[in-house]
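The structure appears below as structure tokens.
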Amino acid sequence: MMRTAAIVMAMAALGACNREPQVDAKNASVAEVAEKVRKSGAGESFVRAGLWESKVTIEQLDVPGMPPEIAGRMKEMMAQNQPKAFKNCLTPEDVKKPDEDFFAGQNKGCRYDRFTMGNGKIDAVMRCGGEQATQVMQMAGTYSPDAYHMQMSNKVEAAAKGADGAMAQGAMAMRVRVDARRLGECTGKESQAG
């Protein structure tokens, strides 16, 4: 869940409300998108540096083969164990020149099917692949220098061998809402659950 919040914070740091520039990319690596954002010249028109607080709400959780009552309990447990609020400090450097890790964490196997940001809106689909699983994350929302609201869906499809040696497919899907706001300047006590 912290990784999801970090990605959302990264996405939120990419835009300015109702101002140019716009960033559009299709079938692009995370590094290519980061470079387009850096070259866009927006600089200080991105969201403001400072202390941000984000709240993550799980809206849907589907796990194949799991009975609905167990899935309901799992969702309930996740909601109880997730932070009520996550605080993170965005430095001026994060805002002005986001690097590749800023967009996808340490996962280098990700590519954007599409990435569009501008005029206070963001819409992106990122696909991360590996031998064991493929993850597709869709993000859409609005942002301003002091707040953002994001709907995210995450689908993980895992391949596993059954007892007979045949590949069996399974997919987990989750939809979350993230609401965030800038609280002020950084305090040195960031990355704490509230």
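The values are calculated or read from the model by the stated rules, or taken from the named source; none is laboratory data. These figures come from a predicted structure and were not determined experimentally. Please note: Cβ atoms are built from the backbone with ideal geometry, for glycine as well, and neighbour counts cover all protein chains shown.
Of the residues Lys36, Lys26, the single one that is closer than 30 Å to Glu157 by Cβ, over 17 Å from the mean Cα position of the chain (by Cα), part of a helix (DSSP H, G or I) and modelled with pLDDT of 80 or more is Lys36.
Restricting attention to the range 81-101, and to residues there that are modelled with pLDDT of 75 or more and under 25 Å from Leu61 (Cβ atoms), which single residue is surrounded by the most Cβ atoms within 10 Å (Cβ to Cβ)? Looking at the filtered set, the residue picked out is Phe86. Residue check: Ala104 meets all listed conditions (1) crowded, with 19+ Cβ neighbours inside 10 Å; (2) modelled with pLDDT of 75 or more; (3) within 20 Å of Val37 (Cα to Cα); (4) of a type in the set (Gly, Ala, Ser) but one, namely (2).
For the range 53-67, filtering for residues that are of a type outside the set (A, V, I, L, M) and closer than 12 Å to Ala173 by Cβ leaves 4. State whether one or more residues within the range 54-77 are at pLDDT 85 or above, among the acidic types (Asp, Glu) and surrounded by 14 or more Cβ atoms within 10 Å (Cβ to Cβ). Looking through the range 54-77, none of the residues is at pLDDT 85 or above, among the acidic types (Asp, Glu) and surrounded by 14 or more Cβ atoms within 10 Å (Cβ to Cβ). The set of residues from the range 128-155 being at pLDDT below 85 and in a loop (DSSP other than H, G, I, E, B) comprises Gly130, Glu131, Gln132.
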